[in-house]
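**Q** Please read through the structure below; I'll follow up with questions.
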Amino acid sequence: MQDYLPGLAGVPATKSNISDIDGEKGILFYRGYPIEELAKHSTFEETILLLMNGQLPTSQHLENFTCELQSNRALKYHIVDLMKTLPETADPMLMLQTSVSSLGMFYEGSECLTGSDVCTDLDYINSSTIKVIARMGTIVASWKQIAYGYDPFPTRYDLNYAENFLYMLNGREPDPLLVKILDICLILHAEHTINASTFSVLVNGSTLSSPYSVISSAIGCLSGPLHGGANAKVLNMLEEIGDPKKAGAYVDQQLEDKKKIWGMGHREYKTKDPRATILQGLIKELLEARGGDVDPLFEVAEALENACEERMGEKGIYANVDFYSGLLYKEMGIPEKQFTAMFAIARSAGWMAHWREQIGDNRIFRPTQIYLGEGPRQYKPMDAR
Ligand code: COA
């Protein structure tokens with residue numbers, strides 16, 4: 001019998017060509033391209049194509065794909081109606097999971113997939129990919145209006161992904177700097193090897209269930225505070241600390257109480273997550289563009305990061321992607337409850353790329369277990385217990 005490794009730490013669950021992490025050096029690659037290069041030069045639309053196809057697209061391919069995303073943005077009124085029936089206090093991740101799952105009742109499922117054969121139906125794969133990714137942003141942006149009791153702002157066909165999202169969120173022309181920052185955030189969060197939610201994509205996809213079921217299960221998985229849900233927790237923690245001078249004492253107390261510091265630590269990285277470095281830089285850029293006022297919470301965050309590094313750096317625990325993303329979203333005017341849903345919008349790109357890879361060379365996941373329970377025994381009638 002093989003060793004059991006809790007959390008499957010270090011156990012390869014698949015072979016993949018999509019992304020790679022050098023956890024010692026703190027480097028992340030999408031299809032061989034370092035994340036810093038993509039954040040600097042690419043767009044979310046281009047990054048989706050890179051993740052899906054393995055190559056940077058030609059300008060014609062990118063233009064066609066952008067048009068397809070734009071024309072698939074709108075939600076059928078049935079789905080908007082369904083969203084209107086949800087409680088306005090609903091957790092946006094549960095709302096997103098429900099809404100994405102409902103898409104599966106209106107669009108083609110996985111009927112065309114046949115057992116363990118390689119799936120070569122690129123039309124089906126591409127059309128499912130566009131339907132999911134295009135609508136994720138629409139659903140999240142619409143929810144802000146719907147939760148306030150209003151109809152969502154209509155989608156725009158003349159805007160790119162980030163522009164349309166911000167337009168739908170606020171109902172006005174988006175600020176170009178916020179568009180640029182959001183586009184980078186979408187690139188940074190688009191993919192990250194076999195994390196918990198992506199693993200759920202492989203497991204769910206391996207049963208040949210519909211892509212809407214695959215993505216709604218991944219959304220549920222991402223929502224937990226040990227995964228994507230950490231970004232909102234970080235903001236609450238920074239507010240609780242409130243003063244950079246209190247950061248060290250806070251870390252000491254948390255460690256003494258054996259509690260986690262949100263946004264710190266990562267299974268793969270033993271140094272600072274490169275995405276956290278970029279997000280930290282974006283907060284500075286935004287604050288400088290606004291006249292250099294320093295957000296007190298940003299000062300708390302930097303002090304907390306230093307305090308964590310002093311105390312936990314030698315254990316390889318450093319800031320992860322969630323440490324600065326919530327603070328950045330707050331500065332961008334995105335409602336706190338929607339932070340994790342922002343992550344999900346971007347990650348739908350990586351999820352769909354892994355779904356494609358899984359169904360292209362599929363075998364159903366069916367691991368084994370080490371049974372520790374009772375041996376065979378006889379049923380006891382009620383009066384003999
Ligand atoms: N704060 C305090 N201690 C932490 C920590 C954190 N954020 N992250 C890890 N540690 C400690 C653990 O307590 C453990 O200590 P021990 O060896 O004394 O028991 C050790 O580091 C290993 O941590 P472990 O939880 O086993 O690592 P993991 O690989 O299973 O988990 C995370 C990785 C991300 C789930 C974990 O670091 C964590 O919970 N971080 C906070 C939540 C978060 O930010 N999640 C977003 C991830 S992108």
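**Q** A 31 angstrom limit on the alpha carbon distance is what I want to check against. Which of Lys144/Lys259; Lys180/Lys258; Lys144/Lys284; Lys76/Lys180; Lys76/Lys260; Lys258/Lys337 exceed it?
**A** Over 31 Å apart, Cα to Cα: Lys144/Lys259; Lys180/Lys258; Lys76/Lys260.
**Q** Turning to a different aspect of this structure: Multiplying the sequence separation of Val294 and Asn53 by 0.36 nm and subtracting their Cα-Cα distance, what value in nm do you get?
**A** 82.6 nm
**Q** What is the extension gain from Glu108 to Glu256, computed as 0.36 nm multiplied by their sequence separation minus the C-alpha to C-alpha distance, in nm to one decimal?
**A** Length difference between fully extended and current span is 48.0 nm.
**Q** Quick check on the exposure proxy: order Val179, Val294 from fewest to most C-beta atoms within 10 angstrom. Provide the component values of the computation, followed by the final result.
**A** Numbers: Val179 20, Val294 12.
Fewest-to-most Cβ neighbours within 10 Å comes out as Val294, Val179.
**Q** Quick check on the chain: helices-only [θ] at 222 nm, where DSSP H runs of length 4 and up contribute -39,500 (n - 2.57) each and the sum goes over total residues. Nearest 500, please.
**A** Mean residue ellipticity at 222 nm (helix-derived): -17000 deg cm²/dmol.
**Q** Could you please rank Trp351, Trp262, placing first whichever residue has the fewest other Cβ atoms within 10 Å of its Cβ?
**A** Ascending Cβ contact count within 10 Å gives the list Trp262, Trp351.
**Q** Connecting C-alpha atoms closer than 10 Å in a GNM of the chain, tell me which of Gly224, Gly373, Gly291 has the biggest fluctuation.
**A** Comparing Gly224, Gly373, Gly291 in a Gaussian network model of the chain, the most mobile one is Gly373.
**Q** For Lys84, list the aspartates and glutamates whose Cα falls under 15 Å from its own Cα; do not include residues on the same chain fewer than 8 positions away.
**A** Asp151
Laboratory data are not the source of any read-out in this text; all were calculated from the coordinates shown. What you are looking at is a predicted structure, and each value in this text was computed from that prediction instead of being measured. We place every Cβ from the backbone using ideal geometry, glycine too, and count neighbours over all the protein chains shown.
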